[in-house]
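A short worksheet on the structure shown next.
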Amino acid sequence: MIKIENLTKKYLKQTVLDIDSIDIPLGQTFGLIGNNGAGKTTLFSCLLDLIKPTKGKVINNDVDVSKSEDWKSFTTAFLDETFLIGYLMPEEYFYFIGELRGLNKKEVDSFLAQFEDFFHGEILGGKKYLRDLSKGNQKKAGVVAALIGEPKVVILDEPFANLDPTTQIRLKSIVKDMSKNKDVTVLVSSHDIQDVTEVCERIVLLEKGRVIKDLVTSPETLKELESYFKGE
Amino acid sequence: MFKRMFGLQWKEFNRGKAAGGKLIAKILKWFGIVYFAFMSFMMGLIASKYGGPSMTFPIEEGTTAPFLYLNKQLIYVFAYLIVMRYFIQSLPVLNIRALLLAPVLKTQIVRFSLLKTVFTYFNILPLFFLIPFSFLLAKSGNYDITGLIFWNINIIGIIYVTNFFNFLLNNKDKLLYGVGATLALIKALEFYSVIDFTIYSEQFFYLFYNAPYATCFTWLLVFWLYGYVKKYFLKGLYLDKGLQLKIAEAKIDDFSFLDRFGKTATFIKNDLRLLKRSKRARTAVYMGIGFLFYGLIFASQEDLYSDFAGGSFALAMSFFGYLFSTGGFLFMFGSFVPSWDSQYYPLMMTQKILYKEYLNSKWSLMIIGTVISTILASFIYSFFGTNAVYAVLAGAFYNIGVNGYLTLWAGAYTKSPIDLNSSANAFGDKKAINAKTLLVGFPQMLLPVLVYYFTSQYYDHLTGCLAVAGLGTLGIFLKPVAFNLIMKAYKTEKYSTLKAYKTN
């Protein structure tokens with residue numbers, strides 16, 4: 001589904017991303033892990049054509065993302081709060097995103113109904129604009145908006161950080177449900193090795209922009225990652 | 001300590017998010033300041049020789065008419081100063097939260113924030129007028145030098161009163177409404193000539209010339225206000241008080257009646273909400289309304305300059321005024337496309353959005369604003385005769401057919417992020433417009449005025465209007481071509497725009 005080829009990004013002389021090749025097949029739940037500055041967000045930004053790579057390319061479902069914009073019709077993302085429109089109410093925001101993806105109000109409403117638990121009564125029907133919600137609630141809204149319109153590729157940057165325990169557990173089960181659906185490719189990044197090993201089928205460890213490990217998740221994965229980050 | 005805080009400010013100024021990209025903006029801003037300083041200086045020179053509309057220019061020897069005339073007008077000067085400050089002057093925003101826990105006295109934080117405003121151009125520019133004006137008056141030998149000096153000290157005092165008063169205006173809504181109502185009342189009473197405030201203004205300000213010690217009271221007021229504002233902010237330095245963001249109760253705005261316009265409507269709905277809910281964006285609307293009356297400045301003075309260059313110069317200046325009257329909103333809103341969306345530009349760039357739809361929606365909103373402005377302006381200027389209305393309509397055509405595109409095109413290169421939420425800050429930042437916005441407009445304004453000037457010179461007024469309107473109409477037909485060029489600019493600028501908007 002997604003092919004990353006010879007992707008490098010340099011700022012001045014510093015190389016922040018240098019990936020020979022990663023091939024993510026359709027339906028895979030793909031986890032990206034690494035310390036600060038490992039290049040996780042940079043990689044996602046390249047996938048979404050928000051940053052122009054110095055070299056190399058990203059092919060998303062046969063579309064070269066820097067050449068054509070066709071990938072936008074089946075790819076969604078939530079990287080950070082710059083994906084939220086602060087002056088909208090959550091409902092208005094969902095409708096807006098829905099309209100862009102060809103869903104009318106009713107369809108968006110019925111889509112949102114399944115997230116009632118996840119929202120925990122704090123998102124819909126409130127009297128607040130997105131800008132006035134807490135960071136955690138903003139993230140909930142952003143993540144759900146990224147799921148509107150049956151996307152084939154969903155990219156979430158650190159979705160589990162800053163969430164309360166209940167929401168973390170619920171979001172993990174949402175991601176796991178998606179990974180059962182073999183039509184959706186999910187890309188998730190995290191700082192928490194436990195989180196990624198729990199939800200991802202495959203884990204790539206980045207360090208200073210390079211792929212250090214590329215693992216199919218197994219019972220040993222957690223230990224392996226742990227020992228790496230301990231410096232053993 | 002003061003030095004260190006100043007250093008912090010300097011670094012913020014230098015290393016601010018778009019420091020590099022803002023260089024041109026900075027240059028233009030300074031160009032604007034120099035321009036206004038020069039104009040103030042020239043006005044100071046002229047005013048010292050001028051005795052008001054009914055009087056002769058230059059004045060006869062040995063009268064004090066210029067001084068009296070200025071005193072008459074000062075009440076309006078200060079009224080406008082208060083209004084301008086409220087809308088334009090940005091109040092200092094130190095990174096207060098970070099300093100709260102630092103070993104810095106809270107009084108020092110507040111004192112620094114307040115004293116920094118002492119040197120804003122609103123306080124400095126008047127000196128460019130006052131100094132040459134007073135100097136020439138003193139030189140004429142008709143005035144008491146001590147009186148003049150104290151009169152100046154008093155005026156500067158009042159300027160600082162408005163400076164600190166502005167802090168309160170920005171933070172106390174009741175005061176704001178009170179002052180707004182008072183200013184409106186003064187304007188209304190003057191307009192219907194119920195009360196002539198200029199008489200009182202003259203007496204009041206002449207007092208400080210006549211009785212220099214009265215100046216003490218002004219400065220006592222300055223220090224009292226400073227102390228009051230200081231105390232007010234000191235009390236607010238808690239996370240749940242002044243530093244807390246005011247949260248307005250949200251209400252859904254249903255603009256579904258717009259849905260029939262398809263994808264364009266999707267964005268227009270959002271922009272309407274933006275204009276409604278962001279203080280910063282609302283200012284664009286207020287400015288648009290304000291500019292409706294811009295033409296009055298020139299139209300009301302046409303007679304004054306009718307001898308100059310056969311009167312056609314005066315007409316051209318009026319034409320410039322009309323052009324701005326209908327285009328105010330277009331410039332105020334359009335110059336900040338796509339900056340209005342800067343906070344969520346990455347979202348927009350990853351959605352299935354065609355630039356064409358996006359730009360078309362912004363353009364449509366600008367055009368709707370222009371059409372409404374035109375209707376209102378034609379009404380306002382109908383009092384100046386049909387010729388004025390022709391000029392207004394010609395300006396409107398040009399704005400729709402040419403300036404809309406130019407503004408959007410320039411927007412691709414603007415790249416200054418707008419913090420829509422910042423106005424809710426304790427120290428409030430309401431700088432919705434900057435000098436650049438106005439200056440980008442000049443090439444867009446100069447061409448139609450020149451076209452009008454030359455055609456009306458050789459033919460007549462109506463032909464001049466038709467020529468400009470013709471250019472506009474041509475522009476309307478060339479929309480696809482213009483949009484293609486604009487789209488290209490947006491596409492090539494995409495990455496650098498994203499980078500400039502990045503906030504972390």
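The numbers here are math on the coordinates, done by the rules we state, and not lab data. No experiment lies behind these values; they were computed from the predicted model shown. Quick reminder, even Gly has a Cβ in these numbers, built from the backbone with ideal geometry, and neighbours come from all protein chains shown.
Taking the square root of 5 times each eigenvalue of the Cα gyration tensor, what semi-axes in Å does the equivalent ellipsoid of region A:20-171 have, largest first? Kindly include the intermediate steps, with their values, before the conclusion.
Working: eigenvalues 151, 68, 40 Å².
Equivalent-ellipsoid dimensions as semi-axes: 27, 18, 14 Å.
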May I ask you to list the lysines whose Cα is less than 17 Å away from that of residue B:49, ignoring any residue fewer than eight positions away on the same chain? B:72, B:139
With only alpha-carbon atoms counted, please give the Rg and Dmax of region A:92-144, in Å. 10.9, 29
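How high is the relative contact order of chain A, in percent, counting Cα pairs under 8 Å that sit 6 or more residues apart?
Numbers: 410 pairs, mean separation 66.2, N = 232.
Taking the mean separation of contacting Cα pairs over the length of chain A, I get 29 percent.
Using Stokes-Einstein with the Kirkwood hydrodynamic radius over Cα pairs, what translational diffusion coefficient do you get for region B:261-504 at 20 °C and a viscosity of 1.002 mPa s, in µm²/s rounded to a whole number? Before the final figure, lay out each step's value.
Details: Rh = 18.6 Å.
The Stokes-Einstein estimate is 115 µm²/s.
In region A:68-166, what trypsin sites (Lys or Arg not before Pro) fall in a loop by DSSP, with at most 13 other Cβ atoms inside 10 Å? Mind dumping the intermediate values first?
Values: sites: A:72, A:101, A:105, A:106, A:127, A:128, A:131, A:135, A:139, A:140, A:152; in loops: A:101, A:127, A:128, A:152.
Loop-located and lightly packed - A:127.
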Qualifying trypsin sites (Lys or Arg not before Pro) for region B:159-190 [loop in DSSP, other Cβ within 10 Å: at most 16]: B:172
Calculated SAXS-style log₁₀ I(q)/I(0) at q = 0.05, 0.06, 0.07 Å⁻¹ - the protein assembly as shown, Debye, Cα scatterers: -0.32, -0.46, -0.61
If Rh is defined by the Kirkwood formula over all Cα pairs and Rg also comes from Cα, what ratio Rg/Rh do you get for region B:131-283? 1.16
What's the ranking of A:218-227, B:467-476 by average number of surrounding C-beta atoms within 10 Å, highest first? B:467-476, A:218-227
Shielding by partners - mean other protein chain Cβ count within 10 Å, residues of A:122-132: 4
Residues of type aspartates and glutamates that residue A:10 reaches as a straight line, Cα spacing below 17 Å, ignoring anything fewer than 8 places off in the same chain: A:18, A:20, A:49, A:207
Value at 222 nm in deg cm²/dmol, rounded to 500, when DSSP H runs of n ≥ 4 in chain A each add -39,500 (n - 2.57): -9500 deg cm²/dmol
